[in-house]
Each structure stands twice: as structure tokens, then as C-alpha cells.
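Data block below; observations after.
The values are calculated or read from the model by the stated rules, or taken from the named source; none is laboratory data. As the structure is a computational prediction, the values presented were derived from the model and not from experiment. When we count neighbours, we look across all protein chains shown, and the Cβ atoms used for this are built from the backbone with ideal geometry, even at glycine. These area figures cover heavy atoms from the full protein model, side chains too; ligands, DNA and RNA do not enter into them. Shrake-Rupley method; radii C 1.70, N 1.55, O 1.52, S 1.80 Å.
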Amino acid sequence: MRGRGALAAGALVLAVGAAACSDDDRGLPVAVAPEDFSVPVGEAPTFDGCASTGEIVNYAWTIRETPSNMADDVNKPLREQEESCEFTLESNMIVDEVGTWVIELEVSDAQGTASTDTVRVEVTG
């Protein structure tokens, strides 16, 4: 009986040690969107996910929430296939509606493992 107790305790310690590893420690992608920010209406915002970690091969940016009058833009991709961790909206996509927009960053590795984070962009008049 005593030997079994020691073995069980050792297994528990091993399990706790394994759970303490973060995805970053294993090279898995961890998305880190920029801090929330404000931008004047008509200005092209820059989105920076360069603080993300892991073996990232793709940065995708998607609109998740919009001002109520822009509901058709929810789930619209801003970038689907992007190797660069940073981009500025092009002139044909400049935000021209005042309100709060929530943009999701999804990073993924070559095996398809993904992680997401969001940024709130307050567009001011």
C-alpha cells in the first residue's frame, strides 16, 4: 500500500507540471491583438498583432462587432491570408462610421492550430 501511495503522488506532481506549460512554451500560436484604441472617422487604422507568439504562419483579421447601423459587416474578413503581423486598412476600406468596432485577430501555425484575441476600436467623429 505504501508504494502505491508514493507512485500516485509522483504521478500527480507530473500532471501538475505538465499543466503549467503554456501554449507558447510548446511553440503553439498565441494571439495578442493590440490594446484597444481610438481613431478619427475617415482615418485608416493600423492593426498590429506582432506581440503574438509561436510558430505563426498566418494572421487573419475579422470584424466581430460593429455599430448597429453597420450590422452587415459583422464577420466580414479584413485579412484572411496574411504572413505579416501588421497592416493598415487600404483607402477603399477606411472606417467611416462612428462607434465601437471589435476586430478579432486569429493566428495559426502550419498544422492549423489557432488562437484568437480581440481589439476594440472606437471610431470618433
Checklist entry - Quick one: what pairs do we get from the stretch 51-72, first residue over 18 Å from residue 122 (Cβ atoms) and small (Gly, Ala, Ser), second modelled with pLDDT of 95 or more and assigned to a loop (DSSP other than H, G, I, E, B), C-beta under 8 Å, 6+ apart or different chains? => result 51/32; 51/34; 52/29; 52/31; 52/32; 52/85; 54/29; 54/109
Next on the checklist: Please count how many residues of the stretch 36-65 are under 28 Å from residue 111 (Cα atoms), open to solvent by 10 Å² or more (accessible area, probe 1.4 Å) and assigned to a loop (DSSP other than H, G, I, E, B).
Outcome noted: 7
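Do we have any residue at all in the stretch 70-79 that's modelled with pLDDT under 90, open to solvent by 60 Å² or more (accessible area, probe 1.4 Å) and in a helix (DSSP H, G or I)?
Kept after step one, since they are modelled with pLDDT under 90, are these residues of the stretch 70-79: none.
No, the stretch 70-79 contains no residue that is modelled with pLDDT under 90, open to solvent by 60 Å² or more (accessible area, probe 1.4 Å) and in a helix (DSSP H, G or I).
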